[in-house]
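Nothing in this text is a laboratory measurement; each read-out follows from the coordinates by a stated rule. In this text the structure is predicted, and so the values were computed from the model without any measurement. Every residue, glycine among them, receives a Cβ derived from its backbone with ideal geometry; neighbour counts consider all protein chains shown.
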Amino acid sequence: MIKNISTTDLCYSALFICLMAIGANITFWFPFLSIPIGGVSVPLSFQTFFCIMAGLLLGKYIGTLAMVGYIMIGLMGVPVFAQMQAGPFVLFSYTGGFLISFIFVAYVTGYSMEKIRVFTVKISIVISLTGVLVNYMIGITYMYLAMNTWLGLNITYQAAWISMIPFLIKDIGLAFVAALILGKLINRLPRHIRKI
């Protein structure tokens with residue numbers, strides 16, 4: 001249960017909050033990793049990878065807690081979002097939906113991981129790819145709505161998906177990496193972090 005969070009759980013959660021902040025700001029140090037889409041630049045990041053890993057390793061409750069913590073820290077003004085941004089207005093940008101989706105990605109991957117009885121890398125790959133699908137379904141839908149309403153940019157839903165193909169390919173590749181890393185680590189993890 002979520003009420004039985006231990007100090008160790010909080011430490012693992014804090015670790016993934018830090019990893020999310022690092023993954024978000026790769027383009028702050030390497031600006032050429034941003035891709036122009038519809039008149040704006042969308043930063044390349046490793047957040048989806050770290051979010052999926054949080055779900056796979058920490059489970060649905062602690063993984064989700066880490067993502068909620070990450071978002072709350074950013075909303076309170078700590079510059080942990082992409083391009084060292086912070087504050088509630090980031091959620092209203094075209095990438096705000098991807099931030100929101102991280103909560104659901106961690107929960108879905110964590111929940112799926114806890115439901116399996118026998119671990120295989122193939123199952124881990126399916127769970128990781130499901131996390132990517134959740135991330136992009138929420139993120140792109142939100143991006144489309146944001147661009148066509150309060151941001152005043154005219155883009156079709158199909159164009160929104162097409163524009164995200166480079167990022168989708170990157171995150172699918174990283175989902176495989178996450179599953180393979182978990183396959184190497186699963187039998188070495190302590191029982192209190194391993195969920196199966």
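Relative contact order of the chain: 23 percent, from C-alpha pairs under 8 Å at least 6 residues apart in sequence. About its Cα centre, the dipole of the chain is roughly 740 debye, where the only charges are +1 on Lys and Arg Cβ and -1 on Asp and Glu Cβ.
When the Cα atoms of the chain are aligned to their principal axes, the ranges along those axes come out at 50, 35, 29 Å in descending order. Taken over the chain, lysine pairs spaced eight or more positions apart, or on distinct chains, with alpha carbons under 23 Å apart number 14. When peptides 133-139, 98-104, 88-94 are ranked by their average number of other Cβ atoms within 10 Å per residue, the highest-first order is 98-104, 133-139, 88-94.
Between the beta carbons of F32 and A86, assuming R0 = 22 Å, the FRET efficiency works out to 0.40 to the nearest 0.05.
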